Amino acid sequence: MLIGMNTTTGSPKHLQGFEDTVKDFWVSRPRRPRHGRKVAGVAAGVGNRYGIDPAVVRVAFVVLTVFGGIGVALYLVGMLIFADGDDEASAIESLLGRGRSSMSKPAALALCLVLLPLSLWSFSDHSWIDGGTFVGLALVVTGLYLLHRSRGQHRRPVPTGVRSGSNTTTATMTGGGTGAWGAPVAQAPSTWDALGADPLGWRLPEADAPAPTTRPEPPAPPRRKSRIGFAVVGVALAVGGVGAALAAEGVPWFTPAHVVGLMLAVLGLGMVVGSFLGGGRGLVWLALPLALAGLVFGAVPSEHYRGGFGDLVATPTSADQVLPTYERTAGSIRLDLTALSGDDQVRTTVRSGAGPVTVLVPPNADVWYSCETGVGTMECLGQAHNGVNTPNLRGHDYGLDGEGGPKISLTAKAGAGPVEVLRG
């Protein structure tokens, strides 16, 4: 059970359940520090508040953005509800007229306007994993709840709405105002004085009156060394190995992007658990290149990652020697069909994950073709395109002699690299 600090007396306060925990989180929510921030200080604020490495929080935002799309929206929410440094109120509170914030009201309103379409986009059907955005949001809520239950009593920042300096003193002397946690201060009873002097001026401190004491905040528990990082890396590699084996066997769901996603999920869970057990900090350095690999795998269709590595050169001399598929994971492919003659009819697909694809066809062949590439140039029997995710080139060409000769149905694809279909 979480033991917090009573906001008016400093005595222990027990949080009984979910509702109390949420209320206490709002009262003592993180503040965005002036120093140590990378963007707006949201990750640094959460890390400082709960005693975890801010780098872990930043990686969590990146993973949520890449695999669910919710990371950027959550970061903007943090900018709105977490007060900046020593501000009197957060940006959203200032926008509602409940204090002053260093973020101007137009800027806060602009963030709200950006947040609405961004949130709608985050929950649209674009996640790599079905329901990934909802899963990510659930993990964030659960993680914050568990962190506050276990560490919310430590490093409690000054709540928003605090009045400091002369304003508090004056309010107290005049019998009104707010206390250090925003609670009303009891008014001092007024006393009639025949001389018309300030009643408080006649109250001298008693000699034996003890000086007011403040209950010290309990120290944060020491971080224990943990070998959870090694265990998580082992589990992540095992998951990656099993996923790669299933992908090699042709199991439909286990594409390279999904396998990387599973490994990142293991690392992310390990970093969350490590934040409680005092380990797992080094997992960041494995998660970053995996996230980059996930972006690459997600951009290129999974069908381009079969067929091995290296260059492939094929020169069939008859229709029965033409294979249905020529493919490479990485490497160039050159298919020479110029030896076909007469009424030969063939259908074939040539694809490479990364590398050039070149197909030569006879001058008199009737060719029906479809060319596509993720990144690169295409030149297919007189048509040309270049760039990223360019439209596919489709058409038919009867050659120099018109209709007649070998009939070729051809599909040429490259995940990244040039695609050429030329007459030999």
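Here the 3J(HN,Hα) profile of region 373-382, calculated from phi with Karplus coefficients 6.51, -1.76 and 1.60 at θ = phi - 60°, is 8, x, 9, x, 10, 10, 9, 10, 6, x Hz, Gly and Pro shown as x. Per residue, region 68-110 exposes 43 Å² of accessible surface when a 1.4 Å probe is rolled over the protein heavy atoms with every protein chain present.
In region 357-399, the portion of solvent-accessible area held by carbon and sulfur atoms comes to 50 percent [1.4 Å probe, whole percent, DNA, RNA and ligands not counted].
Across region 310-320, computed HN-Hα scalar couplings (Karplus, 6.51 cos²θ - 1.76 cosθ + 1.60, θ = phi - 60°) run x, 7, 10, 10, 10, 9, x, 9, 8, 5, 6 Hz from first to last residue, x flagging Gly and Pro.
The values are calculated or read from the model by the stated rules, or taken from the named source; none is laboratory data. The model shown is predicted, which means the values in this text are computed figures rather than measured ones. Protein only, heavy atoms only, side chains kept; ligands, DNA and RNA dropped before computing areas. Shrake-Rupley method; radii C 1.70, N 1.55, O 1.52, S 1.80 Å.
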